[in-house]
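The values are calculated or read from the model by the stated rules, or taken from the named source; none is laboratory data. The structure presented is a predicted model; accordingly, all values stated were derived computationally and were not measured. As a convention, Cβ positions derive from the backbone with ideal geometry for all residues, glycine included, and neighbour counts pool all protein chains shown.
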Amino acid sequence: MVWSPPKKVVYLSAAATCASLACLMKDYTGGRRYEGSHRIDKKVVIITGSNTGIGKETAFELAKRGAHVVMACRDARKCEVSLILQARQDIVLRTKNKYVYCRICDLASQESIIQFAERFKSEHQRLDILINNAGIMRCPHTKTKEGIEMQLGVNHMGHFLLTNLLVDKLKASAPSRIINVSSVAHHKGKIHKEDLNSDKHYDKAEAYYQSKLANLLFTRELARRLQGTGVTVNAVHPGIVDTEIVRHMSFFNSTLSAIFLKPFIWMFIKSPGQGARTTVYMALEESLKDVSGKYFNNCTEEEVAPQAKDDIMAQWLWAVSEKWTRLDTIK
């Protein structure tokens, strides 16, 4: 008589095998990770939107390597106190690095950005890495305090202003790096010169695509302006990541999605830690010290969409951004 295992054992074994394969698939689709042991002790890093998601994981990885990390957060309660996140405390405890700071920086308020930059410059003598990570996606039609469409205002204009207010500190600390978190969605983007602020027509997807294309055009023009300064600027696509950025996409937050969709696509969606891999690579990889004006995905340089190479549009957007942020009067 041939012995056969009980059906329960067979089912459990099959389930365990499937779970293991799913985990392996998720790790594979998560992309390459930075494998180096390079440390950045005492280097000063700013990361916007770092109280949660990709930003928090980036802050953790760089703090683990000795950086002094300034977490530029819109919501100070989430950054310092929230029982759910406890972002700063969590990073300090896990890395044993006490040089992690939370500072208010609401990218939907130019006044807040200016105050953040002034405080940072009064508290720190240098800035080695600026990571423009914060973002908003497909939100309802709302505007920043200055009346700029929210996705363009936060994803592009806010970071444009912040970067320009800190660029002298970056130059003085050279070699230094700027990393702009963009998206593969820029391929669908178009700069609507006649309705840049979506006053005539608002489509939340088109506005998001436009803002991500603006990130690439900003990266390109800034790289040109920073040639010879020792400051590099590059853009990254983090991938499709399970973070709070999809909070305005009702379907992904629905019960239907939780039951029927997420269990099947889970292995193909990156965790926040996986989404941070390319940003961390760009911050730490020593071979990139002279690379500027490029776009990376999964720690590999990739071509951008044709419209992201339009130098005339990049210069036009820069001029408009200067005007809308009143940069000349501030500086």
Hits in segment 210-232 (condition: over 17 Å from Ser321 (Cα atoms) and of a type in the set (Ser, Thr, Tyr)): Thr229, Thr232
Hey, Gln227 more than 17 Å from Thr279 (Cβ to Cβ), touching a helix residue (DSSP H, G or I) at 6+ places or on another chain (Cβ under 8 Å) and modelled with pLDDT of 60 or more or not: no
Meets criteria (surrounded by fewer than 19 Cβ atoms within 10 Å (Cβ to Cβ) and not small (Gly, Ala, Ser)) for Lys204: yes
Residue that is in a helix (DSSP H, G or I), basic (Lys, Arg) and either at pLDDT below 95 or under 30 Å from Phe296 (Cβ atoms) (or both), where the choices are Arg39, Arg88, Arg33, Arg119: Arg88
Every residue from segment 162-185 that is in a helix (DSSP H, G or I) and surrounded by fewer than 24 Cβ atoms within 10 Å (Cβ to Cβ): Thr163, Asn164, Leu165, Leu166, Val167, Asp168, Lys169, Lys171, Ala172, Val184, Ala185
Of the criteria (1) at pLDDT 95 or above; (2) among the hydroxyl-bearing types (Ser, Thr, Tyr); (3) farther than 22 Å from Ala63 by Cβ; (4) assigned to a helix (DSSP H, G or I), which one Tyr202 fails: (4)
Filter result for Lys78 (at pLDDT below 85, basic (Lys, Arg) and either under 21 Å from Asn298 (Cα atoms) or surrounded by 16 or more Cβ atoms within 10 Å (Cβ to Cβ) (or both)): yes
Any chance Asn155 is assigned to a helix (DSSP H, G or I) and either without any contact (Cβ under 8 Å) to a residue 24 or more places away in the chain or of a type in the set (S, T, N, Q) (or both): yes
Residue match in segment 318-330 (condition: under 22 Å from the mean Cα position of the chain (by Cα), farther than 23 Å from Thr229 by Cα and either buried (at least 21 other Cβ atoms within 10 Å of the Cβ) or modelled with pLDDT of 95 or more (or both)): yes
Residue in segment 122-133 that is surrounded by 15 or more Cβ atoms within 10 Å (Cβ to Cβ), modelled with pLDDT under 95 and among the hydrophobic types (A, V, I, L, M, F, W, C) present: no
Subset tally (residues that are farther than 16 Å from Leu216 by Cα and crowded, with 23+ Cβ neighbours inside 10 Å) for segment 282-292: 1
Top-ranked residue in segment 91-108 [being within 20 Å of the chain's Cα centre (by Cα) and over 30 Å from His141 (Cβ atoms); ranked as surrounded by the fewest Cβ atoms within 10 Å (Cβ to Cβ)]: Tyr101
